[in-house]
Amino acid sequence: MYKITLIRSIYGIKENQRATIKALGLSKIGHTVEKPVNDQIKGMLRVVNHLVKVEEI
């Protein structure tokens, strides 16, 4: 499982990155979600790696 935390604002970022953040289930700075490790999640994290903090649990 990945523990994903939004650490930067989504204002002023590209629309595809904003959609990826929403698809991950993140909304506010500091919001954390847990997602399973799979190729789809890894691809999403690669798009927004500068906006989130990822920990493997």
At 7 Å along the Cα-to-beta-carbon direction for both Y11 and K53, put a label point, then send me their distance in nm to one decimal. 2.2 nm
If unit charges are put on Cβ atoms (+1 for Lys and Arg, -1 for Asp and Glu) and the dipole of the chain is taken about its Cα centre, the option from G25, L45, I13 lying farthest towards the positive end turns out to be I13
Over the chain, what is the relative contact order in percent, taking alpha-carbon pairs closer than 8 angstrom and at least six residues apart? 58 percent
Given unit charges at Cβ for Lys, Arg (+) and Asp, Glu (-), the dipole magnitude of segment 2-56 about its Cα centre in debye, nearest 20, is 180 debye
With each run of n ≥ 4 DSSP H residues scored as -39500 (n - 2.57), what mean residue ellipticity at 222 nm is computed for the chain after dividing by its residue count and rounding to the nearest 500 deg cm²/dmol? -9500 deg cm²/dmol
Quick check: from the Cα gyration tensor, does the chain come out rounded (a/c under 1.5), prolate or oblate? oblate
Counting Lys and Arg as +1 and Asp and Glu as -1, what is the net charge of the other residues whose Cβ lies under 15 Å from the Cβ of K28? +4
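Values quoted throughout were computed directly from the atomic coordinates according to the rules given, and no laboratory measurement underlies them. This is a predicted model, so every value here is computed, not measured. So basically every Cβ, Gly included, is an ideal-geometry build from the backbone, and we count neighbours across all protein chains shown.
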